[in-house]
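Working notes for the structure below.
The values are calculated or read from the model by the stated rules, or taken from the named source; none is laboratory data. What you see is a predicted model; the values in this text were computed from it and never measured. Ideal geometry is used to build each Cβ from the backbone, glycine not excepted, and the neighbour counts take in all protein chains shown.
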Amino acid sequence: MNMTTIHTPGPWRLGDVRWPNAVYGRAETTIQAADGTNIATLRAGGPIFEANARLLAAAPEMRELLIALSAMPHRDPFAVEKARALLARLDGDAR
C-alpha cells in the first residue's frame, strides 16, 4: 500500500451548486481545495447529485480515516483488511 500517494491535500469543499440547465434538470458544481483551486467540475442531474458531490468532497478526510483505522489494533480483522484494500484501490495499487 502506497501511503505517499500524491493528491490535492484536503480539506476539500463543495462549491456553489448552479443550475445552468434548470429546464433540463441539470446542475453543476465544483470540488475545491482549501485554497479555492478547482479540483473537479461535476455536471449531472437527478435528486442525488448534491449527495454524490458531497461524498467526493469528503474523500481526503475519508482516506485519512482509513489510514488511521488500518493502522490500529482492531478486534475485527475483516474491517482492517477492507480498509487496507480500499486504500490500495485509492492509491492505484489494486483494481
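Okay, here's what the table says:
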quantity	calculated
Which numbered condition Val23 misses (of (1) of a type in the set (A, V, I, L, M, F, W, C); (2) in a helix (DSSP H, G or I); (3) modelled with pLDDT of 80 or more; (4) more than 19 Å from Gly10 (Cα to Cα))	(3)
Residue in the stretch 58-66 that is in contact with a strand residue (DSSP E or B) (Cβ under 8 Å, 6 or more places away or on another chain) and at pLDDT 80 or above present	no
Among the residues listed as Arg63, Arg43, the single one being out of contact with any Lys or Arg (no Cβ under 7 Å at 6 or more places or on another chain) and basic (Lys, Arg)	Arg63
Flag for Arg84 being in contact with a Ser or Thr (Cβ under 7 Å, 6 or more places away or on another chain), touching a residue at least 24 places away in the same chain (Cβ under 8 Å) and either within 20 Å of His7 (Cα to Cα) or not basic (Lys, Arg) (or both)	yes
Test: residue in the stretch 78-85 that is surrounded by 14 or more Cβ atoms within 10 Å (Cβ to Cβ), at pLDDT 80 or above, under 22 Å from Trp12 (Cα atoms) and touching a strand residue (DSSP E or B) at 6+ places or on another chain (Cβ under 6 Å)	no
All positions within the stretch 26-57 that are touching a helix residue (DSSP H, G or I) at 6+ places or on another chain (Cβ under 6 Å) and either in a loop (DSSP other than H, G, I, E, B) or at pLDDT 85 or above (or both)	Thr29, Ile31, Leu42
